Amino acid sequence: MTAPDQNDPAVRKGQEDRLRATWAPPMGLFLRWTDTNNNRVGNWYTATAFGFMLFAGLLALLIRAQLAVPDNDLVSASTFNQLFTLHGSMMMFLFAVPMFEAVSILILPQLLGARDLPFPRLSAFGYWSFLIGGVFVSGSIFFDAAPDGGWFMYPPLTTDPALSGLGADIWMLGLSFIEVSSIAAAVELIVGVLKCRPPGMRLNLMPLYAWYILVVAVMILFAFPPLIAGDILFEMERLLDWPFFDATRGGDPLLWQHLFWIFGHPEVYIVFLPSIAIFAMVVPTFARRHVVGYPWIVLAAVGTGFLSFGLWVHHMFATGLPNISLGFFSAASEAVAIPTAVQIFVFIATIWAGRVVWSTPMLYAAGSLAIFVIGGLTGVMVAVAPFDWQAHDTYFIVAHLHYVLIGGTVMPLFGGLYYYWPLVTGKKLSDRMGRTAFWMMFVGMNVTFLPMHWTGLMGMPRRVQTYQSSLGVDGLNLLSTVGAFLFAAGVAVLVADLFRSPWRPLARRNPWDAGTLEWTQKADSEDWGIRSVPLIESRYPIWDQPNFVRNIDEGRYFLPDAEEGRRESIITTVLDARPLQVIRLGGPSIKPMLAAVTLGGVFILTTYHLYWSALVSGVLALGVILWWLWTGTGEIPEKPEKPIGHGITVPLYASGPTAPGWWAMFITMTGDATAFASLIFGYFFFWTIHADFPPPPTPGLAGPGVFWPMMALGLILAGWALTILARETNARGGVGIARIALALGAAASIGGGLAALAGPWFSGLDPVLHVYPAIVWVLVIWVAAHAALSAIMQLYTLARSLFGRMDPVHDADVRNITVYQHFFALSAVITFPLIAFFPGVA
Amino acid sequence: MIGGLNRRAARLKATLWTLAVPPTVWALHFLFCYVWAAVRCAKRGPTETIGDIRIGIAVATVVALIPIVASGYIAWAQSRTEGDPPPHNASTGPDRLRFIAYATLLLAGLSFVSVLFVAAPALVFTDCR
């Protein structure tokens, strides 16, 4: 086959027409919402997260209005509790984290020269889950049913239904649903960064934004699952009275604090790093030079990612832990200042070495770094335990965390908004309004939060509805309120600027004269993402590679066409970005939305104790997901390979570790294993803290014995071995044996799950009686649920084989479920010996 | 002999996994120190002395620093790989290797310091109060 002549305008026109038709968005009042293209989903995602931020900001204004004067009764104490709880929860779960996912879905493909991320439908599913869960949680305040236990929901206050209403369930279940969508986004972004880079973009040429996103997405995999595990225990206590956090029955409220903060502290960096990542793109553009010390930024991102997991107890300094434990966490909290500071020095060095253009985004960068550094310094102060004991639970902490989050997340995102608005809409925002908004916010922020350091040190605790004049903080509080309204007015100017945007003319292409790949996009951009996937030879290809933009536009690089009318992108190797495969991407579909609605039903209906309806919703969700997988994944292409230009031909199908789907399974299961490890941590936590764990084997408390756990282990390992047998025999052409192995494997999985439940069932373990039976039950239910999933996967793969959708060459399905089986078998190997033998050992 | 060692180190494979070795060692050291002290103190109460744990932490610190230094040394040798002209940020194999190696070296430095930070409380605290 001869290569097309890219010099011929007619050839180029034909290619563009085919690309345009292939990537055309669905039209119509409803169908337009079935789109999965990253530019639309990313836009919806960003706008929704921005909307939630404005709503949560309004709640903050109500809080400040209530606190403006002493003995105020503008809102009741109950409403006040709901206001600050929802403000914190929304800002964290509905703004900061989703905003990072949203912005990444929106711009990462452009940064990587990809047509889209590898799983566009997964992004759409994540968005719809986020929207449903977000509206559910935030809407609760209109029914006086919002959560009111503070954003970290400490038991035993929040686990006691008499002291906390439906709000606690809404928080747990609504936000758990959103955590699922965060993990979906993490999978999408990790695979996107590692496998969807353009040819030539080796690891050392990756945009710094992508480095940060990779680190943050991996952090999500290890940070969110402990919270999900905590949520499971929490809801088990609220709905079924299983006493995980009830000290009178062997439980311990501190376990929640550990699980929450193992999530909660990395969370701070999960929301900070992506925002600073925007600066890593903004600063070199306006310093007009390559970033100084690229590997140092990688050090900062990776180093912060690791160290941030060793800090969680610094939120628990006042809980009475031994001093030596506090010392370890205090030391790690000081150590994390090193990588955090490194990246700030890198930016300063880049600015110093460059010829700086003081644009509006740069103003935001400089201003927010100043704010962030102040928050960082008070962070170093409260990381010292004796100081923290003085400042704990006072307004000093409120000041510290707002300096960190406004300087490290909110203002950088506004800077990013000014920087990337032309990329998304083709139009620039107003510099005058942008600078006005900046100064109002900068001054307003400092007027609000600087006085709070004194308010706190003078003794005003956080989360109180009002205070008395005798405390001597009237003036400081009034000042904070004035500042808050000034900050809000600044945000209003920014929002007005956004709303004026549609009436402004198109900006020129690459209006900032940036050097990075995303700015090759035209102002009136097409839906195809990039005209041809470039060969990358520099970190700043627009500056360094001659005729770079023209060659992209004229389709002179890779994959300039859509001959088969299919949405495609290139998959490359992790280290060196060598082309491996052309992936066929999922197009517009209603299935992600249906999956989100039905899965959301499970969480929302459970909140109202409508268990049968929730079960029906769950079965429907399973059906929709299987339908989605069956019709949209693992498709056998019409030809084995296709040329992508420049004499390179790559396969259209891949399985095993070269395929994105395999990586997605591996990454998902890593998150799943972290949640499982958190439950195991719970088991050992109780054993560490309480001398009566496990309790003496009286009726209802005697362990599950040895027989059933070992039976379960044997059956699950048999299912695991049979799946591996199926994979190997199928690859060698033994399709019949593979099918039998899969069928037997499914039977073994089901048997293993039932045997797991039989142990505590026949020994009469009563989970309401004491925490020991409760945690054993949770562990076996976890394994049994995974056994059910395992059987569904084995039967699904069997069906794929029977219906000709899987054969010895096209075997992605069986290879992917084998990854699941490895993790599942590992969880069984840990669980069953633990519950069978540990009580005897302990 | 040192030249030979450097050449052997430079030939080892460098990947994203090797990049994560030094901070992973930090994490293991951190968990070891915390879990041992926390379990003992929870089981025995605030009057318990922890002389053996302090010695254990000192040993663990030395043991943790060995792979961190080794990883840093290998990375240092690899970061001097020749083959391309400066500034060493082109799309070539040697430059990619130099980059991963240099980032690993920096992470080894950070992990080295952080391990010492985490071990420091054992110098001060002698019991479970």
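The values are calculated or read from the model by the stated rules, or taken from the named source; none is laboratory data. Only a predicted model underlies this, so the values are computations on that prediction, with no experimental measurement involved. Note that we place each Cβ from the backbone using ideal geometry, even for glycine, and neighbour counts take in every protein chain shown. SASA here: full protein model, heavy atoms, side chains in, ligands and nucleic acids out. Shrake-Rupley method; radii C 1.70, N 1.55, O 1.52, S 1.80 Å.
Some notes on this structure:
- Some residue of segment B:87-103 being surrounded by fewer than 20 Cβ atoms within 10 Å (Cβ to Cβ) and under 20 Å from A:Ala337 (Cβ atoms): no
- Residue under evaluation B:Leu5, criteria (1) within 11 Å of chain A (Cβ to nearest Cβ); (2) open to solvent by 30 Å² or more (accessible area, probe 1.4 Å); (3) not aromatic (Phe, Trp, Tyr), criterion not met: (1)
- Among the residues here, A:Ser330 does not qualify as at the interface with chain B (Cβ under 7 Å from one of its Cβ atoms), among the hydroxyl-bearing types (Ser, Thr, Tyr) and either in contact (Cβ under 8 Å) with a residue 12 or more places away in the chain or open to solvent by 20 Å² or more (accessible area, probe 1.4 Å) (or both).
- Scanning segment A:120-147 for residues that are in contact with a Leu (Cβ under 8 Å, 6 or more places away or on another chain) and part of a loop (DSSP other than H, G, I, E, B) yields A:Ala145, A:Ala146, A:Pro147.
- Checked against (1) of a type outside the set (Gly, Ala, Ser); (2) in contact (Cβ under 8 Å) with a residue 40 or more places away in the chain; (3) more than 30 Å from A:Gly700 (Cα to Cα), A:Asp241 passes all but a single condition, namely (3).
- Any hit, segment B:47-62, residues being part of a helix (DSSP H, G or I), of a type outside the set (Val, Ile, Thr), in contact (Cβ under 8 Å) with a residue 40 or more places away in the chain and open to solvent by 80 Å² or more (accessible area, probe 1.4 Å): no
- Residue in segment A:267-274 that is closer than 30 Å to A:Asp252 by Cβ, among the β-branched types (Val, Ile, Thr) and within 14 Å of chain B (Cβ to nearest Cβ) present: no
- Considering segment B:93-129, and only residues there that are within 8 Å of chain A (Cβ to nearest Cβ) and part of a loop (DSSP other than H, G, I, E, B), the residue that is nearest to the chain's Cα centre (by Cα) turns out to be B:Ala120.
- Residue among A:Ala318, A:Ala349, A:Ala277 that is closer than 24 Å to A:Gln257 by Cα, away from every other protein chain (no Cβ under 14 Å) and of a type in the set (Gly, Ala, Ser): A:Ala318
- Selection within segment A:458-508 - in contact (Cβ under 8 Å) with a residue 24 or more places away in the chain, open to solvent by 30 Å² or more (accessible area, probe 1.4 Å) and among the polar types (S, T, N, Q): A:Gln465, A:Thr466, A:Gln468, A:Ser469
- Boolean, A:Phe119 is open to solvent by 20 Å² or more (accessible area, probe 1.4 Å) and not small (Gly, Ala, Ser): yes
- Scanning segment A:148-186 for residues that are charged (D, E, K, R) and either in contact (Cβ under 8 Å) with a residue 12 or more places away in the chain or assigned to a helix (DSSP H, G or I) (or both) yields A:Asp148, A:Asp169, A:Glu179.
- From the list A:Phe317, A:Phe306, A:Phe279, A:Phe260, the one residue that fits, being farther than 29 Å from B:Trp36 by Cα, of a type in the set (Phe, Trp, Tyr) and out of contact with any strand residue (DSSP E or B) (no Cβ under 9 Å at 6 or more places or on another chain), is A:Phe279.
- Selection count, segment A:546-589, where residues are within 14 Å of another protein chain (Cβ to nearest Cβ) and surrounded by fewer than 20 Cβ atoms within 10 Å (Cβ to Cβ): 5
- Reported count of residues in segment A:187-202, each being within 14 Å of another protein chain (Cβ to nearest Cβ), in contact with a helix residue (DSSP H, G or I) (Cβ under 6 Å, 6 or more places away or on another chain) and outside any loop (DSSP other than H, G, I, E, B), is 4.
- Filtered by the rule that a residue be within 10 Å of chain B (Cβ to nearest Cβ) and surrounded by fewer than 24 Cβ atoms within 10 Å (Cβ to Cβ), segment A:333-346 gives A:Glu334, A:Ile338, A:Val342.
- Annotation: B:His88 fulfils all but one of (1) within 7 Å of chain A (Cβ to nearest Cβ); (2) in a loop (DSSP other than H, G, I, E, B); (3) in contact with a helix residue (DSSP H, G or I) (Cβ under 7 Å, 6 or more places away or on another chain); the unmet one is (1).
- Residue within segment A:187-199 that is among the charged types (D, E, K, R), out of contact with any strand residue (DSSP E or B) (no Cβ under 8 Å at 6 or more places or on another chain) and within 16 Å of A:Gly682 (Cα to Cα) present: no
- Residue that is most open to solvent (accessible area, probe 1.4 Å), among those in segment A:518-545 that are within 14 Å of chain B (Cβ to nearest Cβ) and hydrophobic (A, V, I, L, M, F, W, C): A:Trp543
- Among the conditions (1) open to solvent by 30 Å² or more (accessible area, probe 1.4 Å); (2) at pLDDT 95 or above; (3) part of a helix (DSSP H, G or I); (4) touching a Leu at 6+ places or on another chain (Cβ under 9 Å), the only one that A:Met452 does not satisfy is (1).
- Filtering A:Leu227, A:Leu254, A:Leu239, A:Leu214 for residues that are assigned to a helix (DSSP H, G or I), out of contact with any Cys (no Cβ under 6 Å at 6 or more places or on another chain) and open to solvent by less than 10 Å² (accessible area, probe 1.4 Å) leaves a single hit, A:Leu227.
- Members of segment A:288-312 found to be without any contact (Cβ under 8 Å) to a residue 60 or more places away in the chain and facing chain B (nearest Cβ under 8 Å), listed by number: A:Pro295, A:Trp296, A:Leu299, A:Gly303, A:Phe306, A:Leu307, A:Gly310
- Among the candidates A:Leu321, A:Leu405, residue that is within 28 Å of B:Leu110 (Cα to Cα) and without any contact (Cβ under 8 Å) to a residue 12 or more places away in the chain: A:Leu321
- Of the residues making up segment A:82-123, those that are small (Gly, Ala, Ser) and out of contact with any Phe, Trp or Tyr (no Cβ under 6 Å at 6 or more places or on another chain) are A:Ala96, A:Ser104, A:Gly113, A:Ala114, A:Ser123.
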